[in-house]
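So the structure is just underneath, and the comments pick up after that.
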Amino acid sequence: MFNLTSYIKSKQDVVNKVIDEALQVDTHPTRILEAMRYSITAGGKRIRPILCMAAAEAVGGNASDTLEIGCAIEMIHTYSLIHDDLPAMDNDALRRGKPTSHVRFDEATAILAGDALLTLAFQILSTPTYLNKNRSIDHLRIIQILAKAAGYQGMIAGQMDDIQSEGKAVDLDELRKIHSLKTGALVQASVLSGAVAGAGAEQEIEILGRYGRLVGLAFQVADDILNVQGDPSRMGKAVGTDAEREKSTYPALMGMQASEDYAAALVQKAVQSIAMFDAKADPLRAIANYVIERKR
Ligand code: IPE
Ligand code: IPE
Ligand code: MG
Ligand code: MG
């Protein structure tokens, strides 16, 4: 019987090890390296690298081939959180249970730490030692998937629209677009890059892309819900902030019960979409449910 808790724990351990090695400190770390390490080792769930590994496994590949990819994804994600928390963005003081980067260091350092994590992600993905270790993987395609999802047609577009929609009445279509871009794009790219790294067939990659899109949207609906009714000490970040900033969210637009139903329907669709996969996709099925049941 598949055990998600131990699956997540064992994957987190390997990802954390690779991240730690990628950001080795000597006895006198520079301020920028200290800031990068501070945020990335603060205790994220590592759900995106785990999705990447699970997608590789689902198509019959090895999770270990995706370690550097997962590490790079977590760097992109952590950069996005550091910048998301800046005073000019969401202005949050707590993240992953610790003071945010601009509070612990200062704004300039937080901006630069985000920039440095984003660029390091692509440095790692294009480093010969890693590329040579996995010669058969289509690395260029993976780099393109991640760059596109993180950029102005993906996460950045969503972040722009999220900020611009503060205090405005957006409709459900617009909200779905914002959430799919600001959070869904990188979640979907995590799944897609894992499927490519695992050498999945084109049809499998396409189906997993659909799964990733649905799970990515559900992830942000759950984030909206947790911002209303979550336990801040468990989440390691403040709650009630979306309402304070008049953010466009699912609970604000359709109410709590409808938001929960919508998230559950998205996950059900995601699980249905991968029905053709065998038991090797069980982790993906379990993670889809975890995404909306999580308390942090
Ligand atoms: C939080 O992401 C921000 C969103 C994109 C919704 P996570 O909930 O994955 O945060 P960590 O990485 O576990 O801190
Ligand atoms: C985060 O969205 C999206 C990105 C960082 C790209 P939110 O602003 O809703 O996430 P939290 O609630 O701060 O984690
Ligand atoms: Mg935000
Ligand atoms: Mg935020």
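Annotations for the structure displayed:
- Viscosity 1.306 mPa s, 10 °C: Kirkwood-radius Stokes-Einstein D of region 150-220 over Cα pairs, µm²/s: 127 µm²/s
- Here the Debye sum runs over all C-alpha atoms of the chain as equal scatterers in vacuum, and log10 of I(q)/I(0) at q = 0.08 Å⁻¹ comes out as -0.32.
- Gyration tensor verdict on region 10-131 (Cα atoms; rounded if a/c is under 1.5, prolate if a/b is larger than b/c, oblate otherwise): prolate
- 19 Å reach of a label modelled at K133, 7 Å along Cα-to-Cβ, counting backbone N of region 1-25: 10-25
- Computed 3J(HN,Hα) for region 132-137, one whole-Hz value per residue from the Karplus formula 6.51 cos²θ - 1.76 cosθ + 1.60 where θ = phi - 60°, is 6, 5, 10, 4, 7, 7, glycine and proline marked x.
- R95 long-range amide H proximity, modeled H, under 5 Å: T100
- Protein heavy-atom accessible surface, 1.4 Å probe, per residue over region 167-246: 42 Å².
- Across the chain, Cα pairs under 8 Å and at least six residues apart give a relative contact order of 22 percent.
- Taking each residue as 0.36 nm, the span from D20 to R141 lengthens on full extension beyond its C-alpha to C-alpha distance by 41.0 nm.
- Kirkwood hydrodynamic radius (C-alpha pairs) into Stokes-Einstein, region 72-186, 10 °C and 1.306 mPa s, D in µm²/s: 103 µm²/s
- Accessible surface of the chain [probe 1.4 Å, protein heavy atoms]: carbon and sulfur percent: 54 percent
- Euclidean distance of C-alpha centroids, region 18-90 and region 176-246, integer Å: 16 Å
- Peptides 15-24, 194-203, 246-255, 67-76 ordered by packing proxy, namely the average of other Cβ atoms within 10 Å per residue, highest first: 67-76, 194-203, 246-255, 15-24.
- Over 28 Å (Cα to Cα) - which of K247/K280; K182/K237; K133/K295; K98/K280 fall in this group: K247/K280; K133/K295; K98/K280
- Within the chain, the selection of entire DSSP H helices by a Cα span of 30 Å or greater along the long axis and an average Kyte-Doolittle value of at least -0.5 returns 202-229.
- Simple point charges give the picture: +1 on the Cβ of Lys and Arg, -1 on the Cβ of Asp and Glu, and for the chain a dipole about the Cα centre of about 600 debye.
- Taking a ≥ b ≥ c as the square roots of the eigenvalues of the Cα gyration tensor, region 25-94 is classed as oblate, since a/c reaches at least 1.5 and a/b does not exceed b/c.
- Grouping the Cα pair distances of region 204-272 into 5 Å bins from zero gives a pair-distance distribution of 4, 18, 24, 19, 17, 10, 6, 2, 0 percent in increasing distance order.
- Spin-label proximity, F2 to region 57-85 - amide N less than 16 Å from point 7 Å beyond Cα toward beta carbon: 57-63
The values are calculated or read from the model by the stated rules, or taken from the named source; none is laboratory data. What you see is a predicted model, and the numbers here were worked out from it, not measured in a lab. Every residue, glycine as well, gets a Cβ built from its backbone with ideal geometry; the counts of neighbours run over all protein chains shown. Keep in mind that these areas ignore ligands, DNA and RNA; they rest on the heavy atoms of the full protein, side chains included. Shrake-Rupley method; radii C 1.70, N 1.55, O 1.52, S 1.80 Å.
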